Amino acid sequence: MIDNLDRVELIAPCHFGLESVLKKEILELGYEIVSVEDGRITFAGDVEAIARANVFIRTAERIMLKCGSFKATTFDELFEGTKAIPWENILTRDAKFWVSKATSNKSALFSPSDIQSIVKKAMVERMKQTYHVNWFTEEGASYPVRVFIFKDIVTLAIDTSGISLHKRGYRRLVGKAPISETLAAALIMLTPWHKDRVLVDPFCGSGTFPIEAAMIGANIAPGMDRDFTAAEWVKIGNKKMWYETIDEAHDMIDNDVKMNIQGYDLDGDIVKCAMENARCAGVDKHIHFQQRDVKDLSNPKKYGFVMTNPPYGERLEEKEALPELYRTIGEAYRNLDSWSMFLITSYKDAEKYIGRKADKNRKIYNGMIKSYFYQFMGPKPPRRS
Ligand SMILES: C[S@@+](CC[C@H](N)C(=O)[O-])C[C@H]1O[C@@H](n2cnc3c(N)ncnc32)[C@H](O)[C@@H]1O
């Protein structure tokens, strides 16, 4: 695992149900899929994969370096298994390391705090033997360790991302119930939308769908403007690798792309926030934002896409207004000639009031909220000659 740094294994968690989108992204980057589980994918690549995955992948929550995996049903086995991992191949003598998260499922060991303290103790023991010291300053780069135990199999990894990857850095201002950037990107990538087709979000809030679509269309890497924990590491990768990855991302941007992306919202203040967020993301020139009620939604173009996250009744008074609101969505959609509509909502009666059964419907968790991704498919445009 980390005994041979020519081939590293990386673990990428993602939204449950959207593993196929992440898998496609990993394969497009040229890496090898090792395993696909619910909500996470393990893949293999060279050391550069750490930087490239962090900078280019749109739909993973973070990228973790897999350090080892073994069976443990007792704390002794957990201690010995952890100590057998060559942590010194990654951690410097001044490394700041701690167990940031421990999860356990269907396993004999289950107390997160005990698991955390045993793993840290075992790592310290290994580091003492390697560096021949009794005490570590821990003033250097950060190495947050994650422990997953499932059916008594322990997997140890170090987080390479730091702040979760959905925090791209552009969303300085948000409205009520914003959708996460990674989820918005994954949902767009799940649809057949392409940059030469119109995309409208009539409930755009802070602008996440239009901004993510514009970034996809202009080929702007999601991680270009943020920091990553592993960029400070010296034993695996180096600054040059990170600079080269950012250069690669800059070279790939298509500044001349022409797109028709629109974001509307009833709330004028949130529309201003969306505009500011789009400016921070470098995509303001690609999106037209405007204050507008969904009842006034219309568009003369054909074969467009509605991509949206309408209110789902977070508050009681909003709940009462939902039947009328979803009826209005249905009417507006019927007036759009040959469009497709994709909407994520936790409102169970969405199809009933829209007045049409969705062609496809996927259960998706939007944070902790069980939601549905309704897909109403319009006709395909005629093939260009
Ligand atoms: C769930 S939020 C959308 C969040 C958005 N996806 C984001 O990432 O910030 C729903 C949005 O619908 C807007 N809204 C409510 N009623 C509306 C209406 N009749 N027409 C247009 N927008 C409306 C609200 O102002 C709110 O911003």
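Coordinate-derived values only; no laboratory data. Source: prediction; values computed, not measured. Here Cβ is always computed from backbone atoms with ideal geometry, including for glycine, and neighbour counts include all displayed protein chains.
Considering only DSSP beta bridges whose two residues both sit in the chain, what percent are antiparallel, to the nearest 5?
65
If I build a Gaussian network model for the chain, linking alpha-carbon pairs within less than 10 angstrom, which residue out of HIS166, HIS15, HIS250 has the largest mean-square fluctuation?
Per the Cα network of the chain with a 10 Å cutoff, HIS250 tops the list.
Could you pull out every residue, at least 5 positions away or on a different chain, whose amide H is within less than 5 Å of the one on LYS71? Hs are placed 1.01 Å off N in the peptide plane, and Pro or chain starts have none.
VAL154
Find which of MET1, ALA321, ALA122 sits farthest along the positive direction of the dipole of the chain, computed with +1 on the beta-carbon of Lys and Arg, -1 on that of Asp and Glu, about the Cα centre.
Working it through, the farthest residue towards the positive pole turns out to be ALA321.
For segment 106-155, what D do you get in µm² per second when you plug the Kirkwood radius from alpha-carbon pairs into Stokes-Einstein at 25 °C and 0.890 mPa s?
Once the numbers are plugged in, D ends up at 195 µm²/s.
Per the Kirkwood treatment, what hydrodynamic radius in Å, one decimal, follows for segment 104-260 from the mean inverse distance over all distinct Cα pairs?
Result for segment 104-260, one decimal place: 19.4 Å.
P(r) tail for segment 48-191, what percent of Cα pairs lie past 21 Å?
52
If you restrict to DSSP beta bridges whose two residues both lie in segment 268-385, what percentage is antiparallel, to the nearest 5?
Percent antiparallel among DSSP bridges in segment 268-385 is about 75.
Mind listing the phi-derived Karplus ³J(HN,Hα) values for segment 50-62, rounded to whole Hz, using 6.51, -1.76 and 1.60 with θ = phi - 60°, and x for any glycine or proline?
Once rounded to whole Hz, the list reads 4, 6, 5, 5, 5, 7, 9, 6, 8, 10, 9, 7, 6.
Just the number: Rg to Rh for segment 247-385, Cα atoms, Kirkwood Rh, two decimals.
Radius of gyration over Kirkwood radius for segment 247-385 works out to 1.00.
How large is the charge dipole for segment 132-202, taken about the Cα centre, if only the Cβ atoms of Lys, Arg (+1) and Asp, Glu (-1) carry charge, to the nearest 20 debye?
400
Just list whichever of LYS101/LYS363; LYS24/LYS128; LYS71/LYS363 have alpha carbons separated by over 30 Å in the model shown.
In this structure, LYS24/LYS128; LYS71/LYS363 lie more than 30 Å apart at Cα.
Could you go through segment 190-197 in sequence order and give the Karplus-derived ³J(HN,Hα) for each residue, using 6.51 cos²θ - 1.76 cosθ + 1.60 with θ = phi - 60°, rounded to whole Hz, and x for Gly and Pro?
7, 8, x, 4, 9, 4, 8, 10
Taking only the alpha-carbon positions of the chain and ignoring solvent, what does the Debye formula give for the base-10 log of I(q)/I(0) at q = 0.09, 0.10, 0.15 Å⁻¹?
Treating every Cα as an identical point scatterer, log10 I(q)/I(0) equals -0.59, -0.71, -1.26.
Could you tell me which residue out of PRO210, SER142, TYR170 lies farthest along the dipole of the chain toward its positive end? Charges go on the beta carbon: Lys and Arg +1, Asp and Glu -1, centred on the Cα centre.
PRO210
Among THR155, SER69, VAL306, whose Cα sits farthest toward the positive end of the charge dipole of the chain (+1 at Cβ of Lys/Arg, -1 at Cβ of Asp/Glu, about the Cα centre)?
Going by the Cα projections, it comes out as VAL306.
Of the listed pairs LYS106/LYS370; LYS167/LYS258; LYS195/LYS301; LYS258/LYS285; LYS23/LYS285, which have alpha-carbon separations greater than 20 Å here?
The answer is LYS106/LYS370; LYS167/LYS258; LYS23/LYS285.
If the only charges are +1 at each Lys and Arg Cβ and -1 at each Asp and Glu Cβ, what is the size of the charge dipole of the chain around the Cα centre, to the nearest 20 debye?
The dipole of the chain has a size of about 880 debye.
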